[in-house]
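S.K.: What follows is a structure written as structure tokens; I'll ask about it next.
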Amino acid sequence: MGTGFTVRFNLAYGKSIVPIDVPSANLLGMLAPRPMESVDLPKAFAQAWANPFGMKDPAAAFRPGETIAIVVTDHTRKTPTRLIFPLLWDRLKDRLDRDDVTLVVATGTHRASTDDELEKMLGDLRREFRVAVHNCDKDTVEIGRSARGTPILINRIVAEADHVVTIGHVGMHYYAGYSGGRKNILPGVAGRATIEANHAQLSHPKSDACIYEGNPISEEMVEAAKLVGVDFLVDVVLNSKGDVARIVIGESEAAHAAARSFWDEHAIVPVREKADLVIASAGGHPKDIDLYQAYKAQYTAARAVRDGGMIYLLAACPDGIGHRVFQDWMERSAKPADVLCILEKEGFKLGGHKAVYHAKDLARLDVYLQSELPLDLVCRFFYRAVTDPREVLDEARRRFGPTHRILVMPYAGETFPVAHGA
């Protein structure tokens, strides 16, 4: 709220908030998704089930005695699986045996979800159904090859199931275009070699956020989902409160397209003037569970900052960096540009791509980070450590003068700035 001299923003930070008072004379504006109203989930699910995209009856092909793998997102995502799955099971239970159902947690290359995290994600479902947490280095089988020759290694439970259904959520993804849909399969339940080969296409000009058609990373993910034979998906779009604003059910590509369209309408935000300083929250827990996840907010914030400007990133990162290669490449670099030398010498490695993105950000702007990370680690990543928002506001005034311009992004990971006229 404004005082006449400042505007207060309460920004999510881990499981708490950080209040920041921005001088009203310097405030260029706030970039946030357009309001998305929360839906009544049971009613919205029933409506989506009755009107599936690209198919007539999602459950038509299911028969008793057949096995089914329900692939769900892991602890780094806010998908309300424990609320969605019972609604799905109510519509499948007359066609399937409970003992033939396995909930497969799609971790990709993330660490395994802890017991506490599984409890929050699944609740009583953990005790009612078989649960398997994917490990990209164990028990995968090759089910075919993509058009570019990548062996598609998939979790054995998923590969051998008679039916596969995915539950996820759709938003921006900075090199796969969008999350959700086929991403539950690749990288979600894929083998490490498959994920690395897929992500190695990062240098392609269409491997970028909010690009779906012609994006080689996304296209290979679609191929993997088709090789698996996903029967249908349940995907949600979440609003800034973490509530479901849209739910889609149906054939993977058709349903995902509808969710992408809804997300675009609300989350792509025009930027008429780039700022000297962007204050960005990753969105709180679990979006800032580690730096590997929280970087998404830095990526989107950078789109709204002018060359030579500043980002103030609020990301608690209680789990640390979140990826050993990301950390290794940064810690081996004496300066940000050294990361590009590592890439040239050693080639693509999963996790190293974020080090490359980060280095490119630092080549044109400074990033101030407020986090729970040790100070020496913050410095090794070439961030400027912050404990008090006033430090950053004072620095912006010193560097850019009394008329400097500030943008605030309370939900930076869910907001996609686009320069006016682009």
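S.K.: Here are Pro35, Pro19: which of them is at pLDDT below 95 and either surrounded by fewer than 15 Cβ atoms within 10 Å (Cβ to Cβ) or not assigned by TED's automatic domain parsing to the domain that holds Asp137 (or both)?
M.R.: Pro35
S.K.: Also, I was wondering about something else. Based on this model, can you work out whether Gly401 counts as outside the structural domain of Glu196 (by TED's automatic domain parsing), over 24 Å from the mean Cα position of the chain (by Cα) and either more than 15 Å from Ile279 (Cα to Cα) or among the hydroxyl-bearing types (Ser, Thr, Tyr) (or both)?
M.R.: yes
S.K.: Moving to a separate point now. Is region 51-59 home to any residue that is at pLDDT below 95 and either under 27 Å from Lys15 (Cα atoms) or among the hydroxyl-bearing types (Ser, Thr, Tyr) (or both)?
M.R.: no
S.K.: Can you tell me which condition Gln201 does not meet? The list is (1) under 19 Å from the mean Cα position of the chain (by Cα); (2) modelled with pLDDT under 95; (3) outside any helix (DSSP H, G or I), and all the others hold.
M.R.: That leaves (3) as the condition not met.
S.K.: Continuing with this model, one more query. Which count do you get for residues in region 101-121 that are under 25 Å from Ala48 (Cα atoms) and modelled with pLDDT of 95 or more?
M.R.: So the count comes out to 6.
S.K.: Cβ-Cβ below 7 Å, separation at least six or inter-chain, first residue in region 300-315 and surrounded by 24 or more Cβ atoms within 10 Å (Cβ to Cβ), second polar (S, T, N, Q): which pairs?
M.R.: Thr300/Thr415; Ile311/Gln298; Leu313/Gln298; Leu314/Ser281; Leu314/Gln370; Ala315/Ser371
S.K.: Could you go through region 230-239 and let me know if any residue there is in contact with a Pro (Cβ under 9 Å, 6 or more places away or on another chain), in a loop (DSSP other than H, G, I, E, B) and either surrounded by fewer than 23 Cβ atoms within 10 Å (Cβ to Cβ) or not assigned by TED's automatic domain parsing to the domain that holds Leu375 (or both).
M.R.: yes
S.K.: Going residue by residue through region 270-291, is there one that turns out to be among the hydroxyl-bearing types (Ser, Thr, Tyr), out of contact with any Asp or Glu (no Cβ under 7 Å at 6 or more places or on another chain), in a helix (DSSP H, G or I) and surrounded by 24 or more Cβ atoms within 10 Å (Cβ to Cβ)?
M.R.: So far as region 270-291 goes, no, none of its residues is among the hydroxyl-bearing types (Ser, Thr, Tyr), out of contact with any Asp or Glu (no Cβ under 7 Å at 6 or more places or on another chain), in a helix (DSSP H, G or I) and surrounded by 24 or more Cβ atoms within 10 Å (Cβ to Cβ).
S.K.: Go through (1) in contact with a helix residue (DSSP H, G or I) (Cβ under 9 Å, 6 or more places away or on another chain); (2) closer than 23 Å to Arg306 by Cα; (3) of a type outside the set (D, E, K, R) and name the single condition Leu373 misses.
M.R.: It fails just one condition, (2).
S.K.: Listed residues Leu313, Leu350, Leu362; which is of a type in the set (A, V, I, L, M) and over 20 Å from the mean Cα position of the chain (by Cα)?
M.R.: Leu362
S.K.: Could you please give the count of residues in region 61-93 that are among the basic types (Lys, Arg), within 30 Å of His323 (Cβ to Cβ) and in a helix (DSSP H, G or I)?
M.R.: 1
S.K.: Failed condition for Phe232, given (1) in contact with an Asp or Glu (Cβ under 7 Å, 6 or more places away or on another chain); (2) under 25 Å from Lys287 (Cα atoms), with all others met?
M.R.: Answer for Phe232: the failing condition is (2).
S.K.: Residues of region 187-204 being among the hydrophobic types (A, V, I, L, M, F, W, C), closer than 17 Å to Arg148 by Cα and buried (at least 23 other Cβ atoms within 10 Å of the Cβ), which ones?
M.R.: Ala190
S.K.: Take the conditions under 14 Å from the mean Cα position of the chain (by Cα) and assigned to a strand (DSSP E or B) and apply them to Asp208. Does it pass?
M.R.: So Asp208 fails the test.
S.K.: Can you list residue pairs whose Cβ atoms sit under 6 Å apart, with the first residue in region 61-74 being closer than 13 Å to Val131 by Cβ and the second being among the polar types (S, T, N, Q) and part of a loop (DSSP other than H, G, I, E, B)? Count only pairs 6 or more apart in sequence or on different chains.
M.R.: Correct list of pairs: Asp74/Thr107; Asp74/Ser113.
S.K.: While we're looking at this one, here's another question. Which residue, of Glu391, Glu395, Glu344, is among the charged types (D, E, K, R), farther than 15 Å from Phe326 by Cβ and touching a residue at least 60 places away in the same chain (Cβ under 8 Å)?
M.R.: None of the others qualify; the one that does is Glu395.
S.K.: Could you tell me whether any residue of region 319-342 is assigned to a strand (DSSP E or B) and exposed (fewer than 15 other Cβ atoms within 10 Å of the Cβ)?
M.R.: No: zero hits.
The values are calculated or read from the model by the stated rules, or taken from the named source; none is laboratory data. In this text the structure is predicted, and so the values were computed from the model without any measurement. Counting neighbours? That spans all protein chains shown, and the Cβs are built from the backbone with ideal geometry, glycine included.
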